[in-house]
Every structure is written in structure tokens, then in C-alpha cells.
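Below is one structure, written out as C-alpha cells, with a few remarks after it.
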Amino acid sequence: MIGAMRAGLLLTGMVMMMSAQTRYDLVLKGGRVIDPKNGIDEMMDLAIKDGKIAALRTGIEASEASRVLDVWGLVVTPGLVDIHVHLFSTTGVAGAWAGDNSVRPDDFSFRTGVTAMTDAGSAGWRNFETFRHTVIDRAQTRVFAFINIAGLGMLTNIVEQHPEDMKPDEVARLAKKHGDVVVGVKTAHFEGPSWVAVEKAVEAGRLAGKPVMVDFGYFRRERPYWQLVTEKLRPGDISTHAYRAPAPWVDEQGKLYSYLTDARKRGVLFDVGHGGGSFAWRNAVPAVKQGFYPDSISTDLHTGSMNAAMMDMPTTMSKFLAMGMELRDVVERSTWRPAQMIHHEELEHLTVGAEANVAAFRVMDGDWTFLDTDEGAYSGKQRLMCELTVRAGKVVWDWNGRSGLDYRTLGPEYGVRPGEAIVRP
Ligand SMILES: [Zn+2]
């Protein structure tokens, strides 16, 4: 009897000990958590278990977790969602042209806090499935795509100029077949005077039941930008490269044109898509100062933009801090808002039960100068730097070595793999 009781107590004790050990796999402790979806902006601890968000509260004890990372002084956010990047980089032949020279997703995502990316039309309906099998399905980064209305996507600039190869029914068929990763339709770089590229993309979007993202290509008198956003696009459609130099944002008095607010009232969305030639301070500063914030902050990441003024998501976000936006607004437009725009509300937020995609940034105070894509400069006092990225519960970027232990505590043979031996002379 006593033996049984003791065994029971022992068992209870063991279970308690085990649950204490395994309650959480990872805790990020002491950061300022900004989670726009849940309206959170306060100091909290974030706990992760089995790849999912397990708790968000103050005072999580170190003893409750297998691993605790001290993120005091950092801003903890959901993983960033960059909805305008170029990733069709499988071979020299398949890589996209048109200023959109693709990169591989994992090469650039985690080091900048990005855990989900959307390729913006690098592949068209003729080569989308190659893109899916060679890139999308192989990446650790969660990758989505807009399919280009042009058959060969951005293979060359020339293939985007042929309306006869823009096939709405083919795009819609693929969008349905690959509904788990396709989030919409793209048209880009069109140079002709007609609306045909936009109209065919919208037709594909209608058939697929998905939004359209428009890179307006060459701005021409025959098809004014105001008409694109007030007449041609539907609610939920996205105008990217919003601050490109030829887009008219303010009148001679510096006042925001009313067609922009009309377009926004209709539900048309404005994406930054900074890129290598699509971000002019001359447009962005007055827009932001007059309260017209972008719906989504995105990079238009490619080999041209990443080594120029754009650089990465944290730099692009810092530009909006410089223009006077609050950090929480910048984070919202880099996480939850773009997730909504591509209709993937399961990411990126810190709700308990959600996949644990998390980033932590240092806000570096200083005198920073930021460039636009047209040689303009603008100064700011804060700059974001990604120090930690977690993808599905796993630390995938650790700039400040938080996830390690002092090597002197790891024993005399740490790092030696099973079957290996240190053969001393
Ligand atoms: Zn692009």
C-alpha cells in the first residue's frame, strides 16, 4: 500500500517534472511584442511549443522552457510577409529578366526577418509549374505566387509585350490547381498604349476569384494612372510600385490628389514594391505626411534592388519610420495587412495556436540617411536590424548568438558526432 502510494507520488512527481521540462520548447523573454492582428504592443514573453505559438504573457519562468532567449531591448513581431519579391531563379535560362533578376528565397528571407514571401509574377502560365516544383516546394520560407498573365512571365521584357500570349483561362486554371500557393495574377512592364495587359489580368483574376497585382509598366498619356486605380482595378486588387516617379501623388501646392483617396475608398490597395526604380521620396514623403500610408510595405527584392537603395525589408520599413509612421503601423503593414491582402490570414500573427513565425529587431538610434531609387536622399533617426528569426518554431537566424551556450559549459567532447573519435597524438 505504502509502496503503491510512493510509486504513485513518484509517478506524479515525474510527470510534473517532465511537464515542467517540456511545457515550452522555446521562450523569447522580455521583448516589446507588437502583434497588430491582436492589438498587442507591450512588454511580454512569447512561448513556443511544437512549432506553434503556445503563450504570450508576462512572467514566463525560465524553468518552464527547454530554451530561453533573452530578447530584452528588441521588438518582437510576427515574421515579415513580403508580398513583392522575385524568386524564379532555378537556372540561368529560367531566371527572370526585366529588372527582376530573381534570388533564391532562403538566401535572403530569414536574415531580414521575413518568413513568408510572394513572388510577383516572375513565372507565367507557361512556366509556373516549373517554378512551383523547383523553387516554391523546396524552400523553407513559405512562398506564394502571383502568376504572370504573360505566358513566360518575366523571362524577358519582350515576352511581357505580347497580348496574344496573355491567356486568362490558362492562368485561372493554374490558380485553381495550385490554390494552396497561388494568391493572384500579375501584369508588369507593359509598354504599349492600350489597357490590354491590365484588362486581361483582371479577367484572369475574375475567373480565378483572386486579386490582381499591377506593375503599371511605362506610364503613358493614353492610359493614365488615375484611371487604373479608380476604374480598372477592383476592390482587393493591388497597385504595386505605388511611389514610382511618374505616378502623380501631389498637385503644385503639394496637396495629395483626391483620386487616391477615392481609389482607397473603392478598396484598391497600394503596395510599396520599392525595387530598383520604383520608390521616389518626392511621392512617398508627402503621401505619408498627409496620412496616406501604404497598405503593404514590400521590397520587390531582386539582384538589382538588394544591392542598391532598397536593400531589404528592415531598410524599407525604416524609411517609413523616417517619414514619421509609428513602429506599430509599420509592423502592421509588413505582417498582418499583407497576409490579409493575399488572403492568408493564418499568417503572420502571434495568436496562440498559430504557426510560430517570429522576428526580433533592434531599433538602432542614430543619424541614418536613406536613398530612393532616383538618387534622392532622406534622413531618419531610427533603423531596424533583424537579430532573430524563428520559422515554425525553429531559430533560423540568430545574428547575436542568443541560441548558443558558453562553449566552456558544453563538456570536453562537444561537437563530436556519433561514430567519430578524437584521435589524440
Ligand atoms: Zn517586381
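The values are calculated or read from the model by the stated rules, or taken from the named source; none is laboratory data. Here the structure is a predicted model, which is why all the values come from computation and not from measurement. Positions of Cβ are backbone-derived with ideal geometry, glycine not excepted, and every protein chain shown enters the neighbour counts.
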**Prompt:** Taking the condition within 25 Å of residue 82 (Cβ to Cβ), under 26 Å from the mean Cα position of the chain (by Cα) and without any contact (Cβ under 8 Å) to a residue 12 or more places away in the chain, does residue 265 pass?
**Reply:** no
**Prompt:** Can you find a residue in segment 164-178 that is part of a loop (DSSP other than H, G, I, E, B) and among the hydrophobic types (A, V, I, L, M, F, W, C)?
**Reply:** no
**Prompt:** Within segment 381-402, can you find the residues that are out of contact with any Asp or Glu (no Cβ under 9 Å at 6 or more places or on another chain) and surrounded by 13 or more Cβ atoms within 10 Å (Cβ to Cβ)?
**Reply:** 384, 385, 390, 394, 395
**Asked** Do you know which of the residues in segment 174-200 that are surrounded by fewer than 19 Cβ atoms within 10 Å (Cβ to Cβ) and more than 26 Å from the chain's Cα centre (by Cα) is nearest to the ligand (Cβ to nearest atom)?
**Response** 191
**Message:** Which count do you get for residues in segment 144-160 that are farther than 25 Å from residue 340 by Cα and either part of a strand (DSSP E or B) or aliphatic (A, V, I, L, M) (or both)?
**Reply:** 6
**Message:** Which count do you get for residues in segment 209-251 that are surrounded by fewer than 23 Cβ atoms within 10 Å (Cβ to Cβ), of a type in the set (A, V, I, L, M, F, W, C) and not in a loop (DSSP other than H, G, I, E, B)?
**Reply:** 3
**Prompt:** What about residue 123, is it among the aliphatic types (A, V, I, L, M), buried (at least 21 other Cβ atoms within 10 Å of the Cβ), outside any loop (DSSP other than H, G, I, E, B) and in contact with a helix residue (DSSP H, G or I) (Cβ under 7 Å, 6 or more places away or on another chain)?
**Reply:** yes
**Prompt:** In segment 135-160, what residues are more than 16 Å from the ligand (Cβ to nearest atom) and surrounded by fewer than 19 Cβ atoms within 10 Å (Cβ to Cβ)?
**Reply:** 137, 138, 139, 140, 158
**Complete:** Here the residues within segment 179-192 that are modelled with pLDDT of 95 or more and either of a type in the set (A, V, I, L, M, F, W, C) or assigned to a helix (DSSP H, G or I) (or both) are 181, 182, 183, 185
**Unique residue being within 30 Å of residue 33 (Cβ to Cβ) and within 14 Å of the ligand (Cβ to nearest atom) when the list is 303, 316** = 316
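Could you pull out the residue among 256, 301 that is closer than 22 Å to residue 217 by Cα and in contact with a Gly (Cβ under 9 Å, 6 or more places away or on another chain)? So that I can check it myself, show each step before the final result.
Details: 256 fails: closer than 22 Å to residue 217 by Cα.
Exactly one of 256, 301 is closer than 22 Å to residue 217 by Cα and in contact with a Gly (Cβ under 9 Å, 6 or more places away or on another chain), namely 301.
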